[in-house]
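**Q** Below you will find the structure I want to go over with you.
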Amino acid sequence: MIVRALYRALDRRLGTTKIARTALAKVFPDHWSFMLGEIALYSFVTLVLTGVYLTLFYEPSTAETVYRGAYVALNGSTVSAAYASTVALSYDVRAGLLMRQAHHWSALIFVAAIVVHLCRVFFTGAFRKPRDLNWPVGVTMLALAMLNGFTGYSLPDDLLSGTGLRIIYSVVLSIPIVGSWLALLVFGGEFPAPETMPRLYISHVLLVPAVLVVLISVHLMVLVRQKHSHFPGPGHGEQNVVGSRLWPAYAVRSLSLFTGVLAVVFALGGLVQINPVWIYGPFGPAKATSPAQPDWYVAWGDGALRLFPPVNFHVFGHLVPAPFFPAVVLGGVTFLLLYAWPWLERRRTGDKAAHQVLDRPRDRPWRMAVGAWALTFFTILLLAAADDIMARLFAVPVTALLNLFRILVLTLPFVVAGATLLVARSLRAGSAPHTSELTADDVRRGLAHARQHESVDSSSDAPAVDRPRYDEMVRLWRNPDGTWRWRWQGPQGSQALLSNEVFRSRDAAIDAARVAYPDLLVHQDEPPEGIVLPEPPRPDWLSRAAAPLVWLVLAILARRRRR
């Protein structure tokens, strides 16, 4: 009764019932890929929860102290306060190791979910107008997630993280003209400086998380205001959203995902060891670890530094060191292209229309090729960061692996991009629903269309091209005698029209179907050897008898209206 009275009083003043009803009636798509963003959100929530616990025991200081605790190998040693508190968290604080490792795994999942979510948005064209304003928000979140992950990775002040900080310090110094000033601002002096750890700590627990909270809030507000996009399908149009309402279906699904993320993160934190700083030992300026690999989301930068030749040169009297291009220029150009991509594609295609229905990736072969090139390029750089581990594992010289990776990074991305372009065009030109079902005929069709430009959905500067109608379909099958036939199928199978002739080959049947229905998808029925589909149902005797009666009634009504 008290809660109901309080709610009614609040509703009379703020009108919360109307707002709640509108929010609970919001429709969310049912496709699983739309949950990737929620995985990132719930990983961030887990990061905050575990991070609050860790801040209660962590000491962000490089001042020397004597460790006294349960880790016998370090007991009585003089180390930094940051390293001692991290080891104490792992061995002396109840549930400390679980929280440390769960926090680290959450960071890895958080960045991974953002990357996969951005890939889904990229390949399906969800960044197009009107969602082009939300794309930079997501790219900024990715950059800040990587930054905050690296600062948190560096806080334990162990030998591995210290090696990474030394590399980043050198990268900042490599920036011409302003590098030394930026290094002084970020690190507080020549590395290792006593001010470095407190500045990293403030950035990690306060500045970057606050900006991330703002960006997540803006991202969600724009999402609610613009509504969700959805994949092509029956009833999926540019003015609606097909899916489940927020309450109760989507809320139950989302809460289940949240508990699943928590379960996975804490299972990994309790069962899978990660970042054992007590094994690496405390940081020392004259020491380094080998092998030494950072977390995966910054490993591509490490790989680029290893592969780029040691070339230094001067520009207008200023030294440009070797780390500048593989670390600063490569990362800067990558994020600049990510920010600008919606407008670059719009300029190329002339597509300025608003879109609610997503692209099938095959409908944009060049976008697929560019994405495949980038993923292959950065995957090779990531693998190159582990060249020392591979050299020890396979007993080969590390220089041979470096030369191999240098060749691969210059050639393999173009090979993968070309193959992706051909596959996308073959899928678009043929009738195979999946890549695994592509045939030689489909590939030949893709090659035949190799010189054609990508179609533009609709824009003010380019002629509009009709999108395929997904509520209708042409179904193709092969008869037991080897002949082919097709039929048109209406929305949700409500109607059907059978072709009036059979065809000797699959290509002939497809060509005839495309002539009759040029804007419909052609789907080959399973199994591949073919099945004979039933002919469209003919009207029964009752329908035939009722038709003349209907016409008679309509004629009588029309005559009465004239009188």
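The values are calculated or read from the model by the stated rules, or taken from the named source; none is laboratory data. Because the structure is a prediction, the values reported are computed rather than measured. Ideal geometry is used to build each Cβ from the backbone, glycine not excepted, and the neighbour counts take in all protein chains shown. Accessible surface areas use protein heavy atoms only, side chains included; no ligands, DNA or RNA. Shrake-Rupley method; radii C 1.70, N 1.55, O 1.52, S 1.80 Å.
**Q** Pairs, please: C-beta under 6 Å, at least 6 apart or cross-chain, first residue in contact (Cβ under 8 Å) with a residue 12 or more places away in the chain and at positive phi and in the range 186-197, second surrounded by fewer than 16 Cβ atoms within 10 Å (Cβ to Cβ) and assigned to a loop (DSSP other than H, G, I, E, B)?
**A** Here the result reads none, with nothing in the range 186-197 linked to a residue that is surrounded by fewer than 16 Cβ atoms within 10 Å (Cβ to Cβ) and assigned to a loop (DSSP other than H, G, I, E, B).
**Q** Looking at (1) within 22 Å of Leu142 (Cα to Cα); (2) assigned to a loop (DSSP other than H, G, I, E, B); (3) out of contact with any Gly (no Cβ under 8 Å at 6 or more places or on another chain), which one does Val241 not meet, given that it meets all the others?
**A** (1)
**Q** From (1) in contact with a strand residue (DSSP E or B) (Cβ under 9 Å, 6 or more places away or on another chain); (2) open to solvent by 80 Å² or more (accessible area, probe 1.4 Å); (3) part of a helix (DSSP H, G or I), pick out the condition that doesn't hold for Thr22.
**A** (1)
**Q** A further question on this structure: Need pairs with beta-carbon distance below 8 Å; first residue of a type in the set (S, T, N, Q) and within the range 6-21, second open to solvent by less than 100 Å² (accessible area, probe 1.4 Å); sequence gap 6+ or separate chains.
**A** Thr16/Leu10; Thr17/Asp11
**Q** Which residue, of Ala288, Ala299, is in a loop (DSSP other than H, G, I, E, B), closer than 30 Å to Arg406 by Cα and aliphatic (A, V, I, L, M)? First the steps, then the outcome.
**A** Values: Ala299 fails: in a loop (DSSP other than H, G, I, E, B).
So the residue among Ala288, Ala299 that is in a loop (DSSP other than H, G, I, E, B), closer than 30 Å to Arg406 by Cα and aliphatic (A, V, I, L, M) is Ala288.
**Q** Yes or no: Thr349 touching a Phe, Trp or Tyr at 6+ places or on another chain (Cβ under 7 Å) and of a type in the set (S, T, N, Q)? Working first, answer last.
**A** Details: touching a Phe, Trp or Tyr at 6+ places or on another chain (Cβ under 7 Å): no; of a type in the set (S, T, N, Q): yes.
No; evaluated as a whole, the condition is false for this residue.
**Q** Would you tally the residues in the range 421-452 being out of contact with any Phe, Trp or Tyr (no Cβ under 8 Å at 6 or more places or on another chain) and assigned to a helix (DSSP H, G or I)? If you could, list the steps in order and put the result at the bottom.
**A** To start, the set of residues in the range 421-452 that are out of contact with any Phe, Trp or Tyr (no Cβ under 8 Å at 6 or more places or on another chain) comprises 422-452.
If we keep only those that are assigned to a helix (DSSP H, G or I) too, we end up with 422-429, 435-437, 440-448.
Looking only at that region, the number is 20.
**Q** If you take the residues of the range 427-464 that are open to solvent by less than 30 Å² (accessible area, probe 1.4 Å) and in contact with a Pro (Cβ under 8 Å, 6 or more places away or on another chain), which of them is modelled with the lowest pLDDT? Don't jump to the end; show me each part of the working.
**A** Taking the range 427-464 as the starting set, the residues that turn out to be open to solvent by less than 30 Å² (accessible area, probe 1.4 Å) are 427, 429-432, 442, 446, 454, 456-457, 459, 462.
After this cut, where a residue has to be in contact with a Pro (Cβ under 8 Å, 6 or more places away or on another chain) as well, the list is 454, 456.
Numbers: Glu454: 45, Val456: 39.
Applying the filter and picking the extreme gives Val456.
**Q** Please work out if Phe187 is surrounded by 13 or more Cβ atoms within 10 Å (Cβ to Cβ), among the aromatic types (Phe, Trp, Tyr) and within 29 Å of Ser85 (Cα to Cα). Don't jump to the end; show me each part of the working.
**A** Numbers: surrounded by 13 or more Cβ atoms within 10 Å (Cβ to Cβ): yes; among the aromatic types (Phe, Trp, Tyr): yes; within 29 Å of Ser85 (Cα to Cα): yes.
Yes: the conditions hold for Phe187.
**Q** Restricting the search to the range 406-418, which residues are surrounded by fewer than 17 Cβ atoms within 10 Å (Cβ to Cβ) and either among the β-branched types (Val, Ile, Thr) or not in a helix (DSSP H, G or I) (or both)?
**A** Let us first name the residues in the range 406-418 that are surrounded by fewer than 17 Cβ atoms within 10 Å (Cβ to Cβ), namely 406-407, 410-412, 414-415, 418.
Answer for the range 406-418, where residues must be surrounded by fewer than 17 Cβ atoms within 10 Å (Cβ to Cβ) and either among the β-branched types (Val, Ile, Thr) or not in a helix (DSSP H, G or I) (or both): Ile407, Thr411, Val415.
**Q** Same structure, new question: Would you pick out the residues in the range 353-405 that are closer than 30 Å to Asn240 by Cβ, open to solvent by 30 Å² or more (accessible area, probe 1.4 Å) and among the basic types (Lys, Arg)? Walk me through how you get there before you give the answer.
**A** Pass one, the range 353-405, residues closer than 30 Å to Asn240 by Cβ: 353-368, 371.
Those left that are additionally open to solvent by 30 Å² or more (accessible area, probe 1.4 Å): 354, 360-362, 366, 368.
If the condition is that a residue be closer than 30 Å to Asn240 by Cβ, open to solvent by 30 Å² or more (accessible area, probe 1.4 Å) and among the basic types (Lys, Arg), then Arg360, Arg362 are the ones that fit.
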